[in-house]
Structure formats: C-alpha cells, structure tokens
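Following: one structure in structure tokens, then a few remarks.
The values are calculated or read from the model by the stated rules, or taken from the named source; none is laboratory data. Owing to the predicted nature of the structure, the values given are computational and were not obtained by experimental measurement. Counting neighbours? That spans all protein chains shown, and the Cβs are built from the backbone with ideal geometry, glycine included.
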Amino acid sequence: MSRKDMGDHGEQVARAILEQNGLQFIMSNYSCDMGEIDLIMRDGDCWVFIEVKCRSNERFATVVEQITPAQCQRIRRCAQLFLLQQDLNEHVTRMRFDVVAIVIDHDQAQWLQDAF
C-alpha cells in the first residue's frame with residue numbers, strides 16, 4: 001500500500017469512527033500555505049480539527065509520538081485561517097484539536113480528543 005493509499009484509508013477509517021461517535025463531517029484535506037488539516041468536523045457547537053496518523057506498524061515510535069510541536073503549530077495556524085474564512089472569531093469560537101491514530105497491522109484505532 002502506498003503512503004497516499006494508507007493516508008486515504010486512515011482518513012476514511014477516522015471519519016467513520018468519528019461519525020459513529022456523533023461528529024458531523026465538514027470537509028477533508030483543507031490546505032493553506034501553512035499546511036493541511038486532514039479532517040474538519042463539528043461536535044455540537046465545537047469545531048474539531050483532526051490530524052490522522054496512519055502507519056502499518058509501530059516499529060519505530062507510537063503513531064502519536066510522531067506528531068511534532070511544529071506540526072501542531074502548523075495545524076493551529078491552518079485552523080485559524082479556516083475560521084477566518086468562515087467569518088468566525090477564533091477567540092469566541094469553541095474548537096479543539098484531536099488526533100486519530102491508526103495502526104493497520106494491529107487493526108487498531110485510537111481517538112485522542114483535545115490532543116494539543
């Protein structure tokens with residue numbers, strides 16, 4: 001499976017898990033000059049920006065450990081731009097940043113709410 005195929009599969013699995021838990025899908029693969037957000041969803045009145053990490057195994061590090069502080073910052077900046085484009089004020093709009101970590105070899109998925 002190519003990296004792109006694995007990423008697409010991971011996003012589909014993550015979206016299904018989140019929708020089963022009541023989140024409403026807004027869009028996938030939002031990109032701006034600062035980076036990309038894998039999934040944008042709503043949990044009631046809260047905007048949820050989701051980073052999906054999908055690996056075939058956890059040989060070198062857990063999937064969650066592979067998210068760097070710089071990556072978190074890029075996702076936050078993309079989210080700020082997204083909210084601005086929606087005419088929403090980031091200071092009064094409820095939002096959170098979640099991570100869905102998927103390990104294909106073990107058929108595991110872990111959803112971390114408010115991860116960063």
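The table below lists the values:
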{"quantity": "Tabulated pairs, segment 21-34, first in contact (Cβ under 8 Å) with a residue 60 or more places away in the chain, second surrounded by 12 or more Cβ atoms within 10 Å (Cβ to Cβ) and not in a loop (DSSP other than H, G, I, E, B), C-beta under 7 angstrom, 6+ apart or interchain", "calculated": "none"}
{"quantity": "Residues that are of a type outside the set (Ser, Thr, Tyr), farther than 15 Å from residue 71 by Cβ and surrounded by 15 or more Cβ atoms within 10 Å (Cβ to Cβ), drawn from segment 18-38", "calculated": "18, 23, 26"}
{"quantity": "Residue count, segment 1-11 (criterion: assigned to a helix (DSSP H, G or I) and surrounded by fewer than 13 Cβ atoms within 10 Å (Cβ to Cβ))", "calculated": "3"}
{"quantity": "Residue count, segment 71-116 (criterion: of a type in the set (Val, Ile, Thr) and in a strand (DSSP E or B))", "calculated": "4"}
{"quantity": "Residue selected from segment 41-69 under the condition at pLDDT 95 or above and either of a type in the set (D, E, K, R) or farther than 15 Å from residue 113 by Cβ (or both), by the criterion surrounded by the fewest Cβ atoms within 10 Å (Cβ to Cβ)", "calculated": "45"}
